[in-house]
Amino acid sequence: MGHGVISTAPQDADVAAQAGSRRSFAVISHPDAGKSTLTEALALHAHAINEAGHTNGKSGRRHTVSDWMDIEQARGISISSASLQLNYRDTVLNLVDTPGHADFSEDTYRVLSAVDAAVMLIDAAKGLETQTMKLFNVCKHRGIPIITVINKWDRPGLDPLALMDEITERTGLSPTPRTWPVGSAGDFRGVLDRRTGQYVHFTATAGGAHIAPEDVLGPEDAAAQEGEAWTTAVEEADLLSISGADHDQETFLAGVSTPVLFAAAVRNFGVHALLDTLVDLAPAPAPRPTAVGEARAVEDPFSAFVFKMQAGMDTSHRDRLAFVRVCSGTFERGMVVTCARTGRPFATKYAQQAFGRERAVIEQAFPGDVVGLVNATDLRVGDTLYLGPAIEYPALPTFAPEHFATVRARDAGRYKQFRRGIAQLSAEGVVQVLRSDLRGDQAPVLAAVGPMQFEVAQHRMASEFNAPVHLETLSYSLALRTTAEWAPVLDGELGVEVLRREDGDLLALFPDKWRLQSVRRVHPDAALEPLVAA
Ligand code: G4P
């Protein structure tokens, strides 16, 4: 290895301690539930190590953090995402950002492969919304523990017990409230801390720009101060205890129960409780299962996987950032690591932390941390990087695409640029690329979970690769995996087409489920395996 950084790496015990004091999580929510507001509130209450997004209010944030891609600016949405590192109570919290737009992309799902816990943020007036449910299902699939935060309690909303029922019925999770609101939605005075029986009283500050003072009162003082609101909270908390809605670490870690907190992010109410819950309950990085090679203890030599690729801010340089999640060992900037897929070395000369527009160079990182590697043109989403004995983490899940379109260079003379661009978008996982001999390389098929992926692809082909493209939507809506043996049979069916994806999988495309059913009737033995649904 001869690059002289290993000798300076911290001892195993230090790495284990560093890993043990880390919590990596994402916030999953429906747009408008308050994710950005909560992120800012968390940064305000903790010490943001990579100071970012620290303006108050959405309007300020929009112009400072996430407007670097033209398309984001035009639509006022956040497509790029990375991580925000916070320091709280001797713990490093890595908040891995998920895109907040309603239209779904696979990117969002992949981010969830990089975290050990998720905060499910719910708008008190709306309850569980579609996107929250979609993201929740991905977490469930991966067994990620979930902390639930009921936000906007300062505004009229649903009854808290009804909200608990809704969580149980729709997610199957058993809610175990850690705090319980004093005052109904719209009249948020504070919370009953169910662990101590004490009252945490919140005081609003002007515009929510500062940390809201919290006073802790005993039950008698709370009753004297809040009267009926306190009595009601105590009665409801008793009901919860009777029904067994108490925290259980084992079921929480297994993704069976979920601690619940009540908050008003915009007023900075309940934010400390969330930070404390993350520190106290969320799991530290654990050994990650591998596809090839021995599983690594967190203190073993360095390993990481790429969960997100992003075009650099300076598009004229065609730079690529690969965001990796460190799984084991110490990352030291300058290290030369191996890419498991190619067996080639990768020099980590430039390493960054990134959150929106903010970039900071980082020198060292530990398990659970997210590092943005610059000049990562040769890396692909899902790649494993390591030092020492070979190891490979399982491929990241690809999701069943529901949208399909052929893509063609507008200017045939720009075919070289076109090919390079399509290859890059595929490597980054912006879109899935499907091909067949019949369609040829001039007009491959793009497949996506959400149609916005096409929009991003089209935009980048023109602005970055100088190869404007023409997209033509295809009328397929379903893709199932098939085998080489069945491919020609299915391809011969009317309205059905079989294409090969970049990862080698053969996908049979159908216009709708009825056509699929009729093909299945004709070929009951056909290999047609469903892909993971988004
Ligand atoms: P998102 O990232 O999940 O999409 O949500 P975001 O934080 O942008 O919040 C969406 C809206 O909800 C914002 O209002 C925000 O101020 C508001 N909000 C967030 N948390 C709370 C809360 O605890 N209580 C109340 N009452 N409102 C909350 P907006 O009008 O869209 O923007 P702004 O102009 O107020 O910033």
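The values are calculated or read from the model by the stated rules, or taken from the named source; none is laboratory data. Computed from a predicted model, the values in this text were never measured in an experiment. Methodologically, a virtual Cβ is constructed for each residue, glycine included, from the backbone with ideal geometry; neighbour enumeration extends over all protein chains shown.
Numbers for the structure displayed
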read-out: Residue in segment 145-159 that is farthest from the ligand (Cβ to nearest atom), counting only those that are within 19 Å of residue 25 (Cβ to Cβ) and of a type outside the set (Val, Ile, Thr); value: 145
read-out: Test: residue in segment 406-421 that is in a loop (DSSP other than H, G, I, E, B), under 29 Å from the mean Cα position of the chain (by Cα) and within 24 Å of residue 515 (Cβ to Cβ); value: no
read-out: Members of segment 502-534 found to be free of Cβ contacts under 8 Å to residues at least 24 places away in the same chain, more than 35 Å from the chain's Cα centre (by Cα) and not in a loop (DSSP other than H, G, I, E, B), listed by number; value: 518, 520, 521
read-out: Criterion violated by residue 243 - all others in (1) polar (S, T, N, Q); (2) at pLDDT below 95; (3) over 30 Å from residue 141 (Cα atoms) satisfied; value: (3)
read-out: Hey, residue 129 at pLDDT below 95 and crowded, with 21+ Cβ neighbours inside 10 Å or not; value: no
read-out: Any hit, segment 276-287, residues being more than 25 Å from residue 121 (Cα to Cα) and either in a loop (DSSP other than H, G, I, E, B) or out of contact with any Pro (no Cβ under 9 Å at 6 or more places or on another chain) (or both); value: yes
read-out: Flag if residue 224 is hydrophobic (A, V, I, L, M, F, W, C) and either in a helix (DSSP H, G or I) or in contact (Cβ under 8 Å) with a residue 12 or more places away in the chain (or both); value: yes
read-out: Only one of 447, 467 that is touching a Gly at 6+ places or on another chain (Cβ under 7 Å), in contact (Cβ under 8 Å) with a residue 24 or more places away in the chain and buried (at least 17 other Cβ atoms within 10 Å of the Cβ); value: 467
read-out: Residue under evaluation residue 271, criteria (1) closer than 23 Å to residue 169 by Cα; (2) β-branched (Val, Ile, Thr); (3) within 16 Å of the ligand (Cβ to nearest atom), criterion not met; value: (1)
read-out: Segment 5-32 - residue that is among the polar types (S, T, N, Q), modelled with pLDDT of 95 or more and within 21 Å of residue 97 (Cα to Cα) and, of those, nearest to the ligand (Cβ to nearest atom); value: 24
read-out: Selection within segment 478-498 - surrounded by 17 or more Cβ atoms within 10 Å (Cβ to Cβ) and either closer than 15 Å to residue 517 by Cβ or among the charged types (D, E, K, R) (or both); value: 478, 480, 490, 491, 493, 496, 497
read-out: Yes/no for residue 106 being modelled with pLDDT under 85, under 28 Å from residue 433 (Cα atoms) and not assigned by TED's automatic domain parsing to the domain that holds residue 253; value: no
read-out: Count - residues of segment 179-217 that are within 27 Å of residue 162 (Cα to Cα) and assigned to a loop (DSSP other than H, G, I, E, B); value: 13
read-out: Inter-residue pairs, beta-carbon under 8 Å, first on the phi > 0 side of the Ramachandran plot and in segment 15-40, second part of a helix (DSSP H, G or I) and surrounded by fewer than 23 Cβ atoms within 10 Å (Cβ to Cβ), 6+ apart; value: 34/266
read-out: Yes/no for residue 174 being surrounded by fewer than 21 Cβ atoms within 10 Å (Cβ to Cβ) and out of contact with any strand residue (DSSP E or B) (no Cβ under 9 Å at 6 or more places or on another chain); value: no
read-out: Failed item, numbered, when residue 142 is tested on (1) in contact (Cβ under 8 Å) with a residue 40 or more places away in the chain; (2) basic (Lys, Arg); (3) more than 12 Å from the ligand (Cβ to nearest atom); value: (1)
read-out: Failed condition for residue 68, given (1) in contact with a Lys or Arg (Cβ under 9 Å, 6 or more places away or on another chain); (2) within 15 Å of the ligand (Cβ to nearest atom); (3) modelled with pLDDT under 60; value: (2)
read-out: Conditions (1) more than 16 Å from the ligand (Cβ to nearest atom); (2) assigned by TED's automatic domain parsing to the domain that holds residue 124; (3) not acidic (Asp, Glu): number failed by residue 292; value: (2)
read-out: Among the residues listed as 326, 266, 298, the single one being over 30 Å from residue 465 (Cβ atoms) and within 16 Å of the ligand (Cβ to nearest atom); value: 266
read-out: Number of the exception - residue 146 against (1) farther than 15 Å from residue 202 by Cβ; (2) out of contact with any Lys or Arg (no Cβ under 9 Å at 6 or more places or on another chain); (3) surrounded by 15 or more Cβ atoms within 10 Å (Cβ to Cβ); value: (2)
